[in-house]
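J.: There's a structure below that I have some questions on.
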Amino acid sequence: MMPHEMLVGILAGDNDRSGSFYGNISLFKAIQRHLAEQHSSSFVFTPSGMKEKSIVGYIYEPNENRWLKKKFLYPDVVYNRYPFRDTVQKTDFVFRSLNKKNIPYFNRHFFNKWDVITCLQKNKHLLPVIPESQLVTSKQDFYTFFEKYPSVYLKPVGQSQGKGIIKITAESKHSYIIKTVNSIKNESSLENIWKEIKHFILNEPYMMQQEIVSDQINSQKYDLRILVHYSQNQYVISGIGVRASKNITTHVVHGGTILPFSFVKNRVDTKKLEIICHEIGSTLSQCFQFIGEFSIDAGIDTKGNIFIYEVNSKPMVFDEKDIFQNGIVQLSKLFHHLAKNRIDSKKLDKNGCTSHKFL
């Protein structure tokens, strides 16, 4: 049976310079293309485009290779891809309006690393896969944690893609190495290290996390990038990518290399990973409202144990075409699920169909 016609609104950011929108263009085009194949449609909109009974938004016209501005009815479901972490309060009225109109959405906020850690720690099944972590608010916090773990990562809780990460390793009592993505430095004492890093920590919240000694491939450590979506009361893996590097972070923007998952598949307990991903999705939804998709940065230690480093509520576009495309398919299924539930709950006509035309 063909899915009923559905209209999806994709929330992007206002681009004050161009007067249009800011967001992941390739993702938006791919969603529109796939939904069209499903006899549904989508448009991109920004907070400033919302009116009381309609929304000014954009659709991509392939033949003209440009985005056309049009007026739309309110959609059946909204996909939140608002890109600005530091101005997310500007979207509060958006979600209030959607709630008032009974329009489903998911992933309302960006994740804060520390909030995610404290949330996941509430699930006893996840405790073994979370590296020990500590919010750093003072020099004593730093000293106490470092006494337990001779190699640690300092991470800004509100950043992503490896930005601001610092790795500190004790070589001996009087020899320490401080690494960032762009530099390496030696220090002789923790006191000197604190002087080096305290301005970072005092300017924005940081957390410390124990280093997990990573499994290696081709003499490089590697991480897993896992894309997860909600589907039929489960959280399912839509794809797994691999990023390898000799740097302190494996992110491609900092020199990480993309490898096929097949290179390390025999080292990963995928069944256990599937269970972990479902537990993470269910637990996050209890803390942050419904989470429909997320990505995970995970690691495998030298004994084959899985560790969860970070969880992202606005996944980056995967470079692997098969993962990217499967993600679009899973998103489409989620959109239809949410839209259908909304229609069922409102008890529309027997066919469950609505017509979405430009106003």
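J.: For segment 337-347, check the following and say yes or no: at least one residue is more than 21 Å from residue 165 (Cβ to Cβ), open to solvent by less than 10 Å² (accessible area, probe 1.4 Å) and either of a type outside the set (Val, Ile, Thr) or assigned to a loop (DSSP other than H, G, I, E, B) (or both).
T.: yes
J.: Looking only at segment 303-324, how many residues end up being assigned to a helix (DSSP H, G or I) and either open to solvent by 30 Å² or more (accessible area, probe 1.4 Å) or touching a helix residue (DSSP H, G or I) at 6+ places or on another chain (Cβ under 6 Å) (or both)?
T.: 3
J.: With respect to residue 252, determine if the residue is open to solvent by 20 Å² or more (accessible area, probe 1.4 Å), modelled with pLDDT under 90 and in contact with an Asp or Glu (Cβ under 8 Å, 6 or more places away or on another chain).
T.: Yes, satisfied.
J.: OK, next. Identify, please: which residue in segment 165-208 is surrounded by fewer than 12 Cβ atoms within 10 Å (Cβ to Cβ) and under 15 Å from residue 155 (Cβ atoms) and is, among those, modelled with the lowest pLDDT?
T.: Selected residue: 203.
J.: Checking the structure you have, find out if any residue of segment 178-188 is in contact with a helix residue (DSSP H, G or I) (Cβ under 6 Å, 6 or more places away or on another chain) and of a type in the set (Val, Ile, Thr).
T.: yes
J.: Here's another thing I want to ask about it. If you take the residues in segment 144-158 that are open to solvent by less than 20 Å² (accessible area, probe 1.4 Å), within 21 Å of residue 174 (Cβ to Cβ) and not aromatic (Phe, Trp, Tyr), which one is farthest from the chain's Cα centre (by Cα)?
T.: The qualifying residue farthest from the chain's Cα centre (by Cα) is 151.
J.: Return yes or no: is residue 296 closer than 21 Å to residue 162 by Cβ, modelled with pLDDT of 95 or more and not hydroxyl-bearing (Ser, Thr, Tyr)?
T.: So residue 296 fits the description; yes.
J.: May I pose another question? In segment 57-76, what residues are closer than 16 Å to residue 13 by Cα and open to solvent by less than 40 Å² (accessible area, probe 1.4 Å)?
T.: The answer is 57, 58, 59.
J.: Evaluate the following for residue 300: is it of a type outside the set (Ser, Thr, Tyr), surrounded by 21 or more Cβ atoms within 10 Å (Cβ to Cβ) and more than 16 Å from the chain's Cα centre (by Cα)?
T.: Judged against the criteria, residue 300 is a match.
J.: Applying the selection to segment 3-13, what residues are in contact with a Phe, Trp or Tyr (Cβ under 8 Å, 6 or more places away or on another chain) and surrounded by fewer than 19 Cβ atoms within 10 Å (Cβ to Cβ)?
T.: Answer for segment 3-13, where residues must be in contact with a Phe, Trp or Tyr (Cβ under 8 Å, 6 or more places away or on another chain) and surrounded by fewer than 19 Cβ atoms within 10 Å (Cβ to Cβ): just 13.
J.: Here's another thing I want to ask about it. When residues of segment 21-55 are filtered for being touching a Phe, Trp or Tyr at 6+ places or on another chain (Cβ under 7 Å), surrounded by 17 or more Cβ atoms within 10 Å (Cβ to Cβ) and among the polar types (S, T, N, Q), how many remain?
T.: 2
J.: While we're on this one: Of the residues 147, 191, 196, 171, which is part of a strand (DSSP E or B) and farther than 30 Å from residue 269 by Cβ?
T.: The unique qualifying residue is 171.
J.: Among the residues of segment 221-232, count how many are open to solvent by 10 Å² or more (accessible area, probe 1.4 Å), in a strand (DSSP E or B) and either of a type in the set (Gly, Ala, Ser) or farther than 17 Å from residue 315 by Cα (or both).
T.: Residues meeting the conditions: 2.
J.: Follow-up question, since we're still on this one. Of the numbered conditions (1) closer than 23 Å to residue 161 by Cβ; (2) in contact with a strand residue (DSSP E or B) (Cβ under 8 Å, 6 or more places away or on another chain), residue 274 satisfies every one except a single condition; which is it?
T.: Just one mismatch for residue 274, condition (1).
J.: What pairs can you find where one residue is in segment 101-120 and within 30 Å of residue 52 (Cβ to Cβ), the other is of a type in the set (A, V, I, L, M, F, W, C) and open to solvent by 30 Å² or more (accessible area, probe 1.4 Å), and their Cβ atoms are less than 7 Å apart, with a gap of 6+ or different chains?
T.: 106/290; 109/88; 109/288; 110/88
J.: If a residue must be of a type in the set (Val, Ile, Thr), in a strand (DSSP E or B) and farther than 25 Å from residue 331 by Cβ, how many such residues does segment 233-263 contain?
T.: So the count comes out to 1.
J.: Can you find a residue that is touching a strand residue (DSSP E or B) at 6+ places or on another chain (Cβ under 7 Å), in a loop (DSSP other than H, G, I, E, B), among the hydrophobic types (A, V, I, L, M, F, W, C) and crowded, with 17+ Cβ neighbours inside 10 Å anywhere in segment 104-125?
T.: Among the residues of segment 104-125, at least one is touching a strand residue (DSSP E or B) at 6+ places or on another chain (Cβ under 7 Å), in a loop (DSSP other than H, G, I, E, B), among the hydrophobic types (A, V, I, L, M, F, W, C) and crowded, with 17+ Cβ neighbours inside 10 Å, which makes the answer yes.
J.: Can you tell me which residue in segment 209-220 is most open to solvent (accessible area, probe 1.4 Å), limited to those that are part of a loop (DSSP other than H, G, I, E, B) and touching a residue at least 40 places away in the same chain (Cβ under 8 Å)?
T.: By that ranking, first place goes to 213.
J.: Could you tell me whether residue 136 is touching a residue at least 60 places away in the same chain (Cβ under 8 Å) and surrounded by 14 or more Cβ atoms within 10 Å (Cβ to Cβ)?
T.: So residue 136 passes the test.
The values are calculated or read from the model by the stated rules, or taken from the named source; none is laboratory data. Worth saying up front: this structure is predicted, and the values here are computed from it rather than measured. Because the Cβ atoms are built from the backbone with ideal geometry, glycine has one as well, and the counts that use them run over all protein chains shown. Ligands, DNA and RNA are stripped out before the accessible areas are found, and what is left, the full protein with its side chains, is counted by its heavy atoms. Shrake-Rupley method; radii C 1.70, N 1.55, O 1.52, S 1.80 Å.
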